Structure formats: C-alpha cells, structure tokens
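The values are calculated or read from the model by the stated rules, or taken from the named source; none is laboratory data. The model shown is predicted, which means the values in this text are computed figures rather than measured ones. Counting neighbours? That spans all protein chains shown, and the Cβs are built from the backbone with ideal geometry, glycine included.
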Amino acid sequence: MERTIPESFAAKSYIYERGEFREGYVMVEGGAIVEEGEGRCPARPDLQVAVFPGVVNAHTHCADYGLRAPPGMSLEELVAPPDGLKHRYLRETPPDVLSGSMRRFGEASSRYGSAAFVDFRENGAEGCRLLREACPDAVVLGRPESPEFDPEEMERIMRHADGIGVSSVSDLPSRYVEEIADFVRDRGAILAIHVSERVREDIDLVLSLDPAFVVHMCEAEDSDILKCAEAEVPIAVCPGSNAFFGKVPPVARMADLGADIALGTDNGMIREPDMAAEASLLVSIAESQGADPSSVLGSLFSLGGKILNRNIRLGRTMRGRCMAVPFEGDPLPENIFRPGSSGASLTKTIGSE
Ligand SMILES: [Zn+2]
C-alpha cells in the first residue's frame, strides 16, 4: 500500500478529460498539483503520469476489509447471505472493529486516488450508521435485514444511507424487492442490485425495479446486456473479485452492445480498493475478449456523472481528487494499466475542475 509516486515531483502528464488525454506537465508538491500546463515541463520531469480526475469505485463492501478471504472457497461459502463466511464474520465482529476496518478502507481508497466509493453496506441501519460515521463521504447503499418489508426499518436505514443495495433478486421474495424499489423510488434515492453473478437471473424483473445500476452480470447473456444498454442502466463489473471465484465478466460484449460499464473492487477481503489495479485487469480482459481497451476507460467515471451527482452529495469529494498512474511509453490503456499498475492520489485545486 505504499505510494507508488513521490509526494513532490515534476512530471510529463496526460490528463484524461472528456474521453481523451490532454498532454502537458504537472508540478506536484505534497501530493497536490500546484502547477499544470501544456507543452514542455519547465523542470526536468522525474516521471510520466496519467491523471484521472473524479474516479468512482462503483462497487465495494468495505466492512470485510479486516478479513482475508481464504483461497478456494466458493462464492456461496464465502459471500452468500445469511451464512457465508463473510456474513458470519460481520455478525460476530464487534462494531468498533468493523468501524476501524471501514475507516482504513476509506483511507486506502483515497490514497489509491479514488474520488468516491459506492458501498453495499450489510448489517441493516446500524451498519449504515457505522459507515457514515467512519467515512462521511462514502456513498452508502444499505440493506434491510427484516424478513418482510418493514417501512420503519427502511426509514432507519435511509437516515444514514444514500439508497439501497440489494444482494440479489434470488435472495428475496419478488414482492419484497418490489416494495423496496417503490420505497427507494419515492425517495429519489439510489437502488442497485447484484445481478447474475453466479447464475443467470431474470433481467426483466431486475429492470422493472428501475435500478440506478446493476453489479456483476458474469452470467448474463447478450439479450440481458442489451436490455441494460437500452434502459441506460450501467453495469458495474468487478473483475478481480470475479477472478477469485473463477469467473470473467463479458466486458467485450458489454462494450459491443453499448452498455455503460462501471468498475468496482468489490469485497475488501478479496481486493484492495485500487482502481488502477482493477483497471489493469479490466483492460487485459477486454483485450483478451477482442475489445479495444480504450472502450473500457470510461468505466473509471461512468457512475460519477450519470448517477451519483444527480442525487447525492458527491460534489465535495469529487472535485479536485485525481488518480495518478505512473507509466512508460505512449498513453495507451495497455501501457498505463499494465499488470502491477497502482494508483496514487493527487489533489487538484487549480485549472478547469
Ligand atoms: Zn458486491
């Protein structure tokens, strides 16, 4: 978790804005961009960096950051509610320990250069309250715990949350999920759902709930992806977490079919919240599936503008936090996000942002 670049440096820079790289230079002091411009760097550059403002980690579970996932466990054994290892851990671990894990996760996420992370928070209203306290800037999507729809529980969750993250439509009676979706819609809040991670699920049911975005879609067929594209519902993919379970998201098909792809690091017990490392995997998967790696670069930001700025408090954190990735060669996705890439945080208080 070391910073991969120094606190202060001069660099040849490629700043990614509106879908393209703008070439120039940056001067950085104490982790902040204090000067930037076009043309040659006025000082001898120490390195070359790509700079991505406003990166959003679209899908996390931060509370299990203190747990290390034992290799070889199946998806069900590890994360299926209610008795997967993760859920037993979350039930049995004291709140102050979970809260400490969340705080460390939030600090790591910032240090790697993400401007925001969107967390599926377990443990009902109390879980949401813990995260809101530990990481005030997190986007919190809570999860009801009662066996039937309970408007009072939903009220308690929404006191601390920005919306609801449903574990999957297969885990709950569909009437229950519909009541949750109606509640969230009335509030103008965010609904997100894990979909087709382990087995294919009914995308028509999912889209009828009007989610702001869906997560995973490893087992989705083309028609499912196409329906998401047509409904303009972004798909958050988590290739590192999927790889742990031997799964691969069909990102080339998503790109070809016009779906908006977002990127998330998923469970803290499996992956560091390092979006550059996650993007490296995404780029290599896109290449191996025959897609242009440039087609997935937008995944670093897609939830930021489209979903989150619309309803919630992201403005404060989004402005001015950039992910810097040192690299060599031309500014191509496969050079910037190669195996071993890691991001570092730069703040930016000058310029157009
Ligand atoms: Zn998840």
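The residue list V139, V195, V177, V118 contains one member that is buried (at least 18 other Cβ atoms within 10 Å of the Cβ) and more than 20 Å from the chain's Cα centre (by Cα), which is V177. Taking the condition buried (at least 18 other Cβ atoms within 10 Å of the Cβ) and either at pLDDT 95 or above or in contact with a His (Cβ under 9 Å, 6 or more places away or on another chain) (or both), does A69 pass? No; evaluated as a whole, the condition is false for this residue. Annotation note: Cβ proximity below 6 Å between a residue of the stretch 272-284 that is closer than 18 Å to S345 by Cβ and a residue that is surrounded by fewer than 24 Cβ atoms within 10 Å (Cβ to Cβ) and of a type outside the set (A, V, I, L, M) (sequence gap 6+ or interchain) occurs for D274/S342; A276/S341; A276/S342; A277/S342; E278/G240; S280/P339; S280/S341. In the set (1) within 16 Å of the ligand (Cβ to nearest atom); (2) buried (at least 19 other Cβ atoms within 10 Å of the Cβ); (3) part of a loop (DSSP other than H, G, I, E, B), the condition left unmet by I164 is number (3). Taking the criterion of being touching an Asp or Glu at 6+ places or on another chain (Cβ under 9 Å) and without any contact (Cβ under 8 Å) to a residue 60 or more places away in the chain, the residues of the stretch 136-147 that qualify are V140, L141, G142, R143, P144, E145, S146.
Return yes or no: is D64 touching a residue at least 40 places away in the same chain (Cβ under 8 Å), charged (D, E, K, R) and closer than 22 Å to F105 by Cα? Yes; evaluated as a whole, the condition is true for this residue.
Going through the stretch 234-243 one residue at a time, which ones are within 12 Å of the ligand (Cβ to nearest atom) and of a type in the set (A, V, I, L, M, F, W, C)? Scanning the stretch 234-243 gives A236, V237, C238.
Looking across the stretch 171-189 at every residue that is acidic (D, E) and in a helix (DSSP H, G or I), the one that is farthest from E145 (Cα to Cα) is identified as D186. For the stretch 57-80: of the residues being within 19 Å of the chain's Cα centre (by Cα) and among the polar types (S, T, N, Q), which is nearest to the ligand (Cβ to nearest atom)? Ranking the candidates gives T60 first.
Restricted to the stretch 17-40, and to residues there that are surrounded by fewer than 12 Cβ atoms within 10 Å (Cβ to Cβ) and of a type in the set (K, R), the residue that is modelled with the lowest pLDDT is R18. Of all the criteria given as (1) away from the ligand (no atom under 16 Å from the Cβ); (2) in contact (Cβ under 8 Å) with a residue 60 or more places away in the chain; (3) basic (K, R), the one not satisfied by R198 is (1). Does any residue of the stretch 143-158 turn out to be among the hydroxyl-bearing types (S, T, Y), farther than 26 Å from P234 by Cα, more than 22 Å from the chain's Cα centre (by Cα) and away from the ligand (no atom under 16 Å from the Cβ)? So far as the stretch 143-158 goes, yes, one or more of its residues are among the hydroxyl-bearing types (S, T, Y), farther than 26 Å from P234 by Cα, more than 22 Å from the chain's Cα centre (by Cα) and away from the ligand (no atom under 16 Å from the Cβ).
Considering the stretch 202-225, and only residues there that are buried (at least 18 other Cβ atoms within 10 Å of the Cβ) and more than 14 Å from the ligand (Cβ to nearest atom), the residue that is nearest to G188 (Cα to Cα) turns out to be A212.
Please determine, by comparing only the residues of the stretch 251-262 that are surrounded by 21 or more Cβ atoms within 10 Å (Cβ to Cβ) and away from the ligand (no atom under 13 Å from the Cβ), which one is nearest to Y65 (Cα to Cα). The extreme case among them is I261.
Does C128 meet the test of being crowded, with 24+ Cβ neighbours inside 10 Å and under 30 Å from E7 (Cβ atoms)? Criteria not met by C128.
Considering the stretch 209-222, and only residues there that are farther than 24 Å from E155 by Cβ and of a type outside the set (D, E, K, R), the residue that is nearest to the chain's Cα centre (by Cα) turns out to be V215. For the stretch 170-195, a residue qualifies if it is away from the ligand (no atom under 15 Å from the Cβ) and among the hydroxyl-bearing types (S, T, Y), and the qualifying residues are S174, Y176.
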